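J.: Have a look at this one before I ask anything.
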């Protein structure tokens, strides 16, 4: 993967911060990895009273949410969509902060554009009237059907978040509760998305507009539970935003917050082995041997079990992880371009009218796509600091099956193909205007992050990899915990923030002294983790 650097002002403070005034009886907790989940866990645990050290193998924190800087251009190398602002607000509120204490948000208008390879296009604006008119233009009655669909998605979102996600229902027994009764009538949501959406809309392009977000979950319409129709609420009701400084600005905020709470963050320190158990862990690191009471692991469980944990601390045989369904990998191009890129929006999608073939080559019969669907981000349309005057910063992302060969010849072939399709379908010809170019693919994701098959996201949200069927936060030896996209609640920046909260609750429940208290009923750090239930 291209060399990543953070533009933020926080790095020296992070590297040299040392914790002051340890609480008597507190636990030493080492967080392995500084992705969104690791940073959130470090902040929560430090606030709760633990002595927290976060070790990050790379030179900067953020995990996949890295930054590439070249010749005046700046690219977010990983996530680029800021969705579910309510989750971010709730997270920062736990620390008596607001996101605006760290970064400002711009509501994108348009939210995104879609270009179909048959010459058709659509613009999605941040209002329901626009969506109503757009859907009605494709199918009579579809505008009213969309209103019903989105109203149900909003209700299901409230139920899912307040009854399932925030309460951390990660065991089957957690669902045997009267709180879950409102979900009983929604069992159809455990069918697949394609069947559910087709109950409302016939036109394939309308179904695509409601299903494209599944790529963010690492799934396909035929293998993702209809529960994730809530993503349409996130998208069309909740809108899309851009944070000041890009996603790197959010990473900076999380790091600053963790340090403010008392955590120590050390970058450039890889963890190579983890042995022991609660109260007596030993970590072999790049700079020697360290001991700690508890470990919160932001590395993916497949890598942790195969490479980090000793045999006594593994829950699965190594080949177990070969049989899981992983989210797609990606072929990424980071392009500094001279001139404008109209009519591309900040976010744009280029889709074939029939995308079943691409999804089949992602999951069912893995191979490089014959008729690819791809995504473009042009952050410079919103943020003029990410590109020199008269230039645009363009990122192209082609979802591909994990585990594919990505030779230089294949990258070059698809580079030419994607740029040719872009020129033909949108009129934006970049080929003679590229002044900066980098790429990343399967091999970089695998080498940099230890992800199986070079998946860019983690475990897909299939029916059998959702909720209680995802890896548990307490897997591994006693006193070892997982946080991040591979465990609950799953993929995405908001979910990883919630994962940091959940793992903190688990640590305190299992070991109250981690909060500096011997009272097992003590509220960690005087947090009020509860979220009022708003849906009936």
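J.: How would you classify the stretch 325-447 from its alpha-carbon gyration tensor, with a ≥ b ≥ c the square roots of the eigenvalues: rounded for a/c under 1.5, else prolate if a/b is greater than b/c, otherwise oblate?
T.: prolate
J.: Something else: Would you give the gap between the C-alpha center of the stretch 398-414 and the C-alpha center of the stretch 50-75, rounded to a whole Å?
T.: Here the two parts' Cα centres lie 25 Å apart.
J.: Moving on to the next point. Is the shape of the stretch 392-440 rounded, prolate or oblate, going by the alpha carbon gyration tensor and its root eigenvalues a ≥ b ≥ c, with a/c under 1.5 for rounded and a/b larger than b/c for prolate?
T.: Note, shape of the stretch 392-440 comes out prolate.
J.: If we sort 39-45, 485-491 on the protection proxy, mean other Cβ atoms within 10 Å, highest first, what's the order?
T.: Packing order, densest peptide first, comes out as 39-45, 485-491.
J.: Continuing with the same structure: Between residue 120 and residue 322, take the C-beta separation as r, use R0 = 35 Å, and let me know the FRET efficiency to the nearest 0.05.
T.: Calculated value: 0.30.
J.: Something else now. So what is the relative contact order of the chain, in percent, for Cα pairs below 8 Å that sit 6 or more residues apart?
T.: Result for the chain is 25 percent.
J.: Something else about it: By how many degrees, 0 to 90 and rounded to 10, does the Cα axis of helix 246-261 deviate from the longest principal axis of the chain?
T.: For 246-261 against the chain, the angle is about 10 degrees.
J.: Could you give the angle, 0 to 90 degrees to the nearest 10, between helix 142-159's Cα long axis and the longest principal axis of the Cα atoms of the chain?
T.: 0
J.: Which peptide among 328-338, 265-275 comes first, and what is the full order, when sorted by highest mean count of other Cβ atoms within 10 Å? Before the final figure, lay out each step's value.
T.: Numbers: 328-338: 23.7, 265-275: 17.7.
Going by the mean number of other Cβ atoms within 10 Å, highest first, we get 328-338, 265-275.
J.: Further question on the same structure: For a test of the definition: using alpha carbon positions, the gyration tensor, and the 1.5 limit on a/c, classify the stretch 45-178 as rounded, prolate or oblate.
T.: Note, shape of the stretch 45-178 comes out oblate.
J.: Starting from the Kirkwood Rh over alpha-carbon pairs, what translational D in µm² s⁻¹ does the stretch 187-323 have by Stokes-Einstein at 10 °C and 1.306 mPa s?
T.: 83
J.: Given the stretch 248-298, report the % of alpha carbon pairs whose separation exceeds 13 Å.
T.: Beyond 13 Å sits 67 percent of the P(r) for the stretch 248-298.
J.: Does anyone have the angle between helix 36-48 and the longest principal axis of the chain? Alpha-carbon axes, 0 to 90°, nearest 10?
T.: That helix lies at roughly 40 degrees to the long axis.
J.: I need the calculated FRET efficiency for the pair residue 342 and residue 407, taking r as the beta carbon distance and R₀ as 35 Å, to the nearest 0.05. Don't skip to the answer; put the middle values down first.
T.: Numbers: r = 34 Å, r/R0 = 0.97.
Approximately 0.55, to the nearest 0.05.
J.: Take the Cα radius of gyration of the stretch 72-137 and divide it by 2.2 N^0.38 Å, with N its residue count; two decimals is plenty.
T.: Against the empirical 2.2 N^0.38 Å value, I get 1.53 for the stretch 72-137.
J.: Something else now. For the peptides 215-223, 499-507, 138-146, what is the packing order when you average, over each peptide's residues, the other Cβ atoms within 10 Å and list the highest mean first?
T.: 499-507, 215-223, 138-146
J.: Using alpha carbon coordinates only, what is the Rg to Rh ratio of the stretch 309-368, with Rh defined as the Kirkwood radius? Don't skip to the answer; put the middle values down first.
T.: Working: Rg = 19.3 Å, Rh = 16.2 Å.
My calculation puts Rg/Rh at 1.19.
J.: Which whole-percent values make up P(r) of the stretch 274-385 when all C-alpha to C-alpha distances are grouped in 10 Å steps starting at zero?
T.: Percent of pairs per bin, in order: 10, 25, 19, 21, 20, 5.
J.: For the chain, what is one quarter of the convex hull surface built on the Cα atoms, given in nm²?
T.: Convex hull of Cα atoms, orientation-averaged projection: 23.2 nm².
J.: How many angstrom separate the Cα center of the stretch 88-117 from the Cα center of the stretch 238-301?
T.: 23
Readers should treat all values here as calculations from the given coordinates under stated rules, not as data from a laboratory. Predicted, not measured: the structure shown is a model, and the values here were computed from it. Positions of Cβ are backbone-derived with ideal geometry, glycine not excepted, and every protein chain shown enters the neighbour counts.
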